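Computed from the coordinates by the stated procedures, all read-outs in this text should not be read as laboratory data. Computed from a predicted model, the values in this text were never measured in an experiment. No Cβ is skipped: glycine too gets one built from the backbone with ideal geometry, and neighbour counts run over all protein chains shown.
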Amino acid sequence: MLQQQSSMQAFSGNTTVLRSKAAFTSSRVSRGSLQVQNAITRQKKEEIVKDLQGKLEGSVIVFGLRFKNLSVQSMQKFRRGVPEKSSVYVCKNSLMKEAVKTVPGWELLGEQGCTGDNAWVFVHEDDIPDTVKHWGKFSDDLMKEAKAAAPKGVDPAPPTTLTAIVMDSKVLSPAEFKRCENLPTKKQLQATIARLLKQPATKVASGIKAVPRKLAYGIKAIADLDEDKSKIVGDVATPKPKEDSA
């Protein structure tokens, strides 16, 4: 009997050892898997940040849209209505903060916009009026639906709002953002400039102060070249013929 108990104790002891080895092995495998998973996660985060940087560089306006109270169908509707050259992107605020650090002009997004839930809208310079109009109609339609569903006499809160709206290193107010719907498109600007080719260069530059900064800078550069105020844009923009080095 004593021998049987000793054998059972020995077996029990071996079992304990085996369990310890199994637990240790399992722990090592788990830690190894976690390290691989973390490496993949870091790589994915770097890819997202790089993608965000590219979107920032190609945008003139960027704003955040609160989507917490919106249905999937509503967000899909908004996304489909955004012009082709612009885009909607949902990511963690920490990744947006990281992206704006390396792209000049967008720091205010990280300082004032990266709180709560955000669907970021990146607006290309060709799409400013259409994007602003699309947002206005989208928010108006949502508000009408909310009022229709609310009890009589109750004014519902807006289903969604915009967070920081940044353009040219400046935070825009909702009123300033709405006025952007009146900005001319690129084709309209080209047509206007074609008509103004017979006007003094400084007059052309002062007449389009509110256009996207890339084009405005180009027009200003032409105006700066105009030392003779009697010259027209065509005179200034036309390169001088090279003199013969005879």
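Observations
- Counting only residues that are in a helix (DSSP H, G or I) and among the acidic types (Asp, Glu), region 61-102 holds 1 of them.
- Residue match in region 146-160 (condition: outside any helix (DSSP H, G or I) and crowded, with 17+ Cβ neighbours inside 10 Å): yes
- For region 80-121, a tally of residues being under 14 Å from VAL49 (Cβ atoms) and surrounded by 15 or more Cβ atoms within 10 Å (Cβ to Cβ) returns 15.
- The residue that is farthest from THR185 (Cα to Cα), among those in region 103-123 that are in contact with a helix residue (DSSP H, G or I) (Cβ under 6 Å, 6 or more places away or on another chain) and either assigned to a helix (DSSP H, G or I) or of a type in the set (Ser, Thr, Tyr) (or both), is GLY110.
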